[in-house]
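Chemist: Before I ask anything, let me first share the structure, which is written out below as structure tokens.
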Ligand code: VG1
Ligand code: CO
């Protein structure tokens, strides 16, 4: 076995987005493409010699090949030990938990999350730091800088490691441990939730749930937790076998891409509870019988009921939400007398708040919720949290949400995604809206008057770092909002996200259909941004 130095040329498109570097599989398969990025990670980290790294991915196409390459490069770069997931698989939350539990230096997670997989799909890679969370921007910028000037990388010439069994191996001077993350993840969940209570509810047969893993990474974890440990009947977890192409589907738990689950929950003999998670297991969708829980509401309900759940009985230090997430959780925080922080989109912005114990629970409107037990969002954690609330309160999901609205008011909320549109058109739309910032202020649109129009900037309260241009906000005097943002995770053209929010305190008006309640704001968004003209689309690809 010998270390070889390979001469390479820089690629100019390796800038990490909202969550790591995501590209089409075919882009990653170009000679040296993955290697350049991995070497740039190693080159930008200090003191990695002899350190422990965690490595795994969501099992999508190219996962196994990438892991073998990264292991050999890690060895050649002097890493001491790598903990790698069995079969190369680690869900994103499990990877975060394993980094923390083993006090690893960091981890490399291979995932394009909710993007489709397979040979024609996407692949992705991101670096997580020692707190278990996604690298902050100063780290991803340093990595990006290295990718622009790289001229060579190091790799060990050796045979592949067998990832199909748990075990310890040597790769050059480096130790490789193939680990099964299901058990440690399950134990972490057991420390937070009342498993006896959940077993009582799920094993008796009078409470039915359906968990759709969308042929992505959570299948083995969900089966171990819900069926084996908590006694839910076999078949509770559907699409539970991870497939390299996610069965051809889009592993994104929303009303469009998890439609078959939605159909089950909205059928006549629907189960009591439904849930789904995404490609890498960090997102969640919660459904009750004939009822959809909006993710922003989910964050608020979890926060309001946290005192009912074992791991959170001692209270919350604070909460945090991404800027486009609705203000529903703010109302709960106010009542609890705790701070609510507003961050840019992307989980990396919660890391400092969690480390400093300023926030216990965090959430995003994009079906992401989690707490300080790890530093990533956690799909199955959210499912267990909801089940725990339902078990303690003995009420349906729908009743729990409706009584929440009654107490706090309802934040009508919707996100309209226009996926894979022309980049020029999307950029022109953003420029067009920006050019109106000054003239919009005070302007009246039907029932709504603009209070402010700006680009969202964030100053991290812990380290003072500033992040600008994180979405255009148009706020109205009654606290309604329209937000325009371009996605940082898409790989084809641009994706425009339009976020819409209004507040309804009157319980008699809370039953309106969301799109109807937001109808006037939807028209105002079109009037201000001229979406149809700029991106040439009549309707959104996905409405949440
Ligand atoms: C999207 C979501 C964002 C989330 C990110 C990663 O980013 O909006 O809230 O943190 O995906 O989630 P963007 O830039 O496309 O809007 V995941 O589950 O793909 O890691
Ligand atoms: Co994800």
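Chemist: Hey, quick one: spin label on residue 355, modelled 7 Å out along Cα-Cβ, who in the range 45-87 has an amide N within reach, i.e. under 20 Å?
Modeler: 45-49, 51-55, by backbone N distance to the label point.
Chemist: Right, next: How high is the relative contact order of the range 77-217? Use alpha-carbon pairs under 8 Å, at least six apart in sequence, and give a whole percent.
Modeler: Once divided by the residue count of the range 77-217, the mean separation gives 31 percent.
Chemist: Quick check on the exposure proxy: order 432, 165, 114 from fewest to most C-beta atoms within 10 angstrom. If you can, show how the numbers build up before the last one.
Modeler: Working: 432 14, 165 9, 114 25.
Result, fewest neighbours first: 165, 432, 114.
Chemist: Classify the range 20-171 as rounded, prolate or oblate from the Cα gyration tensor: take a ≥ b ≥ c as the square roots of its eigenvalues, call it rounded if a/c is under 1.5, otherwise prolate when a/b beats b/c and oblate if not.
Modeler: rounded
Chemist: Another question, then. Say each of residue 255 and residue 103 gets a label point 7 Å from the Cα, pointing the same way as Cα to Cβ; how far apart are those two points in nm?
Modeler: Reported label-point gap for residue 255 and residue 103 is 4.8 nm.
Chemist: When you take every Cα atom in the range 33-91, what is the radius of gyration, and what is Dmax, the widest Cα pair distance, in Å?
Modeler: 11.2, 32
Chemist: Which percent of Cα-Cα pairs in the range 9-57 sits in each 10 Å bin, short to long?
Modeler: 19, 53, 26, 2
Chemist: Given a Förster distance of 30 angstrom, what is the FRET efficiency for residue 164 paired with residue 492, based on the Cβ-Cβ distance and rounded to 0.05?
Modeler: Using R0 = 30 Å, I get an efficiency of 0.35.
Chemist: Hey, quick one: spin label on residue 24, modelled 7 Å out along Cα-Cβ, who in the range 247-272 has an amide N within reach, i.e. under 11 Å?
Modeler: Taking a point 7 Å out along Cα→Cβ of residue 24, no residue of the range 247-272 has its backbone N under 11 Å.
Chemist: Okay, moving on. Sorted by average packing, counted as other Cβ atoms within 10 angstrom per residue and highest first, what order do 413-420, 100-107, 73-80 take?
Modeler: Ranking, from highest mean packing down: 73-80, 413-420, 100-107.
Chemist: Here's a follow-up. Kindly state, as a whole number, the per residue volume in cubic angstrom of the convex hull around the alpha carbon atoms of the range 238-342.
Modeler: Here the figure is 133 Å³ per residue.
Chemist: Let me ask something else about it. For the range 418-544, what is the Kirkwood estimate of the hydrodynamic radius, computed as the reciprocal of the mean inverse distance between distinct Cα atoms, to one decimal in Å?
Modeler: Result for the range 418-544, one decimal place: 15.7 Å.
Chemist: Contact order normalised by length for the range 1-99, with contacts defined as Cα pairs under 8 Å and 6 or more residues apart; what percent is it? The partial results should precede the final answer.
Modeler: Values: 87 pairs, mean separation 28.9, N = 99.
Relative CO of the range 1-99 lands at 29 percent.
Chemist: On to the next question. Could you work out how much longer the chain between residue 516 and residue 447 gets when fully extended? Use 0.36 nm per residue separation minus the Cα distance between them, nm to one decimal.
Modeler: Full extension of this stretch gives 23.4 nm more.
Chemist: Gain in length, residue 541 to residue 177, computed as 0.36 nm per residue apart minus the alpha-carbon separation, to one decimal in nm?
Modeler: 126.8 nm
Chemist: Please report, largest first and rounded to whole Å, the three semi-axes of the ellipsoid equivalent to the range 184-256, where each semi-axis is the square root of five times an eigenvalue of the C-alpha gyration tensor. Each step should come with its number before you reach the end.
Modeler: On the way: eigenvalues 111, 40, 21 Å².
Those come to 24, 14, 10 Å.
Chemist: Counting helices only, and only those DSSP H runs with n ≥ 4, report the 222 nm mean residue ellipticity of the chain as the sum of -39,500 (n - 2.57) divided by its residues, in deg cm²/dmol to the nearest 500.
Modeler: -9000 deg cm²/dmol
Chemist: log10 I(q)/I(0), Debye, Cα-only the chain, no solvent, q = 0.05, 0.06, 0.11, 0.12 Å⁻¹?
Modeler: Rounded to two decimals, the profile gives -0.19, -0.28, -0.97, -1.16.
Chemist: OK, next. Once R0 is set to 35 Å, what does the formula 1/(1 + (r/R0)^6) return for the Cβ-Cβ distance between residue 229 and residue 527, expressed as a FRET efficiency to the nearest 0.05?
Modeler: Computed FRET efficiency for residue 229 and residue 527: 0.10.
Chemist: Per-residue counts of other Cβ atoms within 10 Å, averaged by peptide: what ranking do you get for 33-41, 151-159, highest first?
Modeler: 33-41, 151-159
Chemist: Neighbour counts of other C-beta atoms within 10 Å: give me 449, 236, 325, 7 arranged from fewest to most.
Modeler: If I rank by nearby Cβ atoms, fewest first, I get 7, 449, 236, 325.
Chemist: Follow-up. Could you grab the relative contact order for the chain? Cα pairs under 8 Å, six or more apart, rounded to a whole percent.
Modeler: That works out to 13 percent.
Chemist: Order the peptides 200-210, 59-69, 267-277 from the highest to the lowest mean number of other Cβ atoms within 10 Å of their residues.
Modeler: Highest mean packing first, the order is 59-69, 267-277, 200-210.
Values in this text are rule-based calculations from the coordinates and carry no lab data. What you see is a predicted model; the values in this text were computed from it and never measured. Using ideal geometry, Cβ is built from the backbone for each residue, glycine included, and neighbour counts are taken over all protein chains shown.
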